[in-house]
1. What is the residue count in segment 177-204 for residues that are open to solvent by 10 Å² or more (accessible area, probe 1.4 Å) and touching an Asp or Glu at 6+ places or on another chain (Cβ under 7 Å)?
2. Any idea which of (1) in contact with a strand residue (DSSP E or B) (Cβ under 6 Å, 6 or more places away or on another chain); (2) in a helix (DSSP H, G or I); (3) over 27 Å from Asn273 (Cα atoms) is the one Asp224 doesn't satisfy?
3. All but one of (1) out of contact with any Cys (no Cβ under 8 Å at 6 or more places or on another chain); (2) surrounded by 22 or more Cβ atoms within 10 Å (Cβ to Cβ); (3) in contact (Cβ under 8 Å) with a residue 24 or more places away in the chain hold for Val161; which doesn't?
4. Which of the numbered conditions does Leu163 fail, given that it passes all the others? Conditions: (1) over 25 Å from Ile298 (Cα atoms); (2) in a helix (DSSP H, G or I).
5. Test Ser307 against the criterion of being open to solvent by less than 70 Å² (accessible area, probe 1.4 Å), in contact (Cβ under 8 Å) with a residue 24 or more places away in the chain, under 27 Å from the mean Cα position of the chain (by Cα) and over 26 Å from Thr140 (Cβ atoms), and give yes or no.
6. Of everything in segment 132-156, what is of a type in the set (D, E, K, R) and crowded, with 21+ Cβ neighbours inside 10 Å? Give them in sequence order.
7. Does Tyr360 fit the bill of being outside any helix (DSSP H, G or I), open to solvent by 50 Å² or more (accessible area, probe 1.4 Å), hydroxyl-bearing (Ser, Thr, Tyr) and modelled with pLDDT under 75?
8. If you go through segment 245-299 one residue at a time, how many are open to solvent by 10 Å² or more (accessible area, probe 1.4 Å) and assigned to a loop (DSSP other than H, G, I, E, B)?
Amino acid sequence: MAEQVDRERAWREGNKAPLSRAWSAPVRAVTRILNSAEGQQRFISEADAEAERSAVVDCALYIDGVRQPGKWRHDEAMAAAQRERNSFVWLGLHEPSQAEMADIASTYGLHELAVEDAVKAEQRPKLEQFGDVNFLVLRTARYVEHDELTENSEVVETGQVMLFIGRCFVITVRHGDACRLAPVRADLERKQELMVQGPWAVAYAVTDRVVDLYLEVADKVEVDLDTVEAEVFSRDGNGSIQGIYQLKRELVEFKRTVVPLQRPLMTLTAEINDEVPHEVRRYFRDVQDHLTRTVEQINSFDDLLNSILQARLAQVTVDQNNDMRKIAAWAAIAAVWTALAGIYGMNFDYMPELHWNYGYPTVLAVMLGISLVLYRWFRRNGWL
């Protein structure tokens with residue numbers, strides 16, 4: 001028995017060195033990779049890529065309307081906001097993934113249906129309530145500059161901004177680049193008397209910025225309409241039907257962006273809505289006035305564009321009728337020559353002036369004379 005124990009101890013001691021060498025080789029290789037410049041650069045690049053993939057644009061804690069210094073994680077900021085009075089978190093996101101939104105939803109208590117809408121970003125403007133959290137969806141719009149309106153011109157670029165508004169937090173989720181929110185945050189942070197109103201002040205500022213962009217787009221679309229109208233009713237009348245129809249399609253997209261927002265704003269400005277502070281409701285009413293003006297502009301643009309399109313189609317029909325009249329007039333003139341040539345082309349012995357020396361030029365003169373009479377008559381009646 002003692003001899004068997006000694007053999008097992010000797011076997012373990014004999015295999016210890018090879019085992020240590022077997023593990024130490026890959027450890028030294030990894031160490032060399034980490035210590036090399038290439039390895040460090042690769043790991044730094046991976047860390048940078050991971051940071052770039054983050055959807056968090058900005059996260060800030062506000063106490064009594066004043067932004068607190070330092071960089072905050074969304075969970076740390078939320079915990080601090082729950083401890084402090086008159087404080088809230090403003091978390092800004094740009095096109096977050098499902099995994100990121102799931103992590104944020106668990107921290108802020110967001111409903112799964114609202115989270116799904118925020119990730120997909122295919123919603124109409126609306127206002128929904130999930131427990132203590134309000135979910136506001138806005139569609140953004142931006143005018144796309146173009147040199148000439150063609151059948152492929154993009155006139156209005158759209159996107160979405162969604163807001164989760166809670167008691168001590170507001171989360172803005174932006175999709176697309178039609179409306180950037182960094183200027184909104186910078187401008188709002190200079191207005192402490194408004195920031196002290198809490199998350200609904202942020203909701204007002206974002207909504208106001210979105211509606212202001214509506215007004216800018218409407219003014220520039222009006223310029224395009226004036227240009228199209230001038231081209232259609234000019235003396236040449238060479239307005240492109242494809243360009244007019246493309247502008248109408250872009251206007252329809254803009255209309256779908258603007259018009260549905262009226263109902264959420266009516267809810268936010270209603271006196272029975274106790275969640276929105278009274279002072280902030282006054283600001284929302286101003287936004288509603290601007291939105292109403294934009295809706296009226298869009299409706300008038302739609303009617304005007306329909307009239308322009310119908311006028312252009314009528315012009316095309318008139319041009320086609322004019323072309324047909326010209327063709328018919330020239331065909332009538334040519335028929336005179338064809339008829340007389342056909343008559344004298346028949347092989348009969350007894351025909352008027354058949355054997356007269358001046359019969360050929362006389363028939364040509366008659367044909368030319370009739371043609372000139374018809375030409376003057378068609379010109380006088382506007383056919384030629």
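1. Within segment 177-204, residues that are open to solvent by 10 Å² or more (accessible area, probe 1.4 Å) and touching an Asp or Glu at 6+ places or on another chain (Cβ under 7 Å) number 3.
2. (1)
3. Here Val161 clears every test but (1).
4. (2)
5. When the stated conditions are applied, Ser307 does not pass them.
6. Step one: of segment 132-156, the residues of a type in the set (D, E, K, R) are 132, 139, 142, 145, 147-148, 151, 154.
Arg139, the sole residue that qualifies.
7. Considered against the rule, which asks whether it is outside any helix (DSSP H, G or I), open to solvent by 50 Å² or more (accessible area, probe 1.4 Å), hydroxyl-bearing (Ser, Thr, Tyr) and modelled with pLDDT under 75, Tyr360 comes out as no.
8. Within segment 245-299, residues that are open to solvent by 10 Å² or more (accessible area, probe 1.4 Å) and assigned to a loop (DSSP other than H, G, I, E, B) number 7.
The values are calculated or read from the model by the stated rules, or taken from the named source; none is laboratory data. In this text, all values refer to a predicted model and were calculated from it rather than measured experimentally. Note that we place each Cβ from the backbone using ideal geometry, even for glycine, and neighbour counts take in every protein chain shown. These area figures cover heavy atoms from the full protein model, side chains too; ligands, DNA and RNA do not enter into them. Shrake-Rupley method; radii C 1.70, N 1.55, O 1.52, S 1.80 Å.
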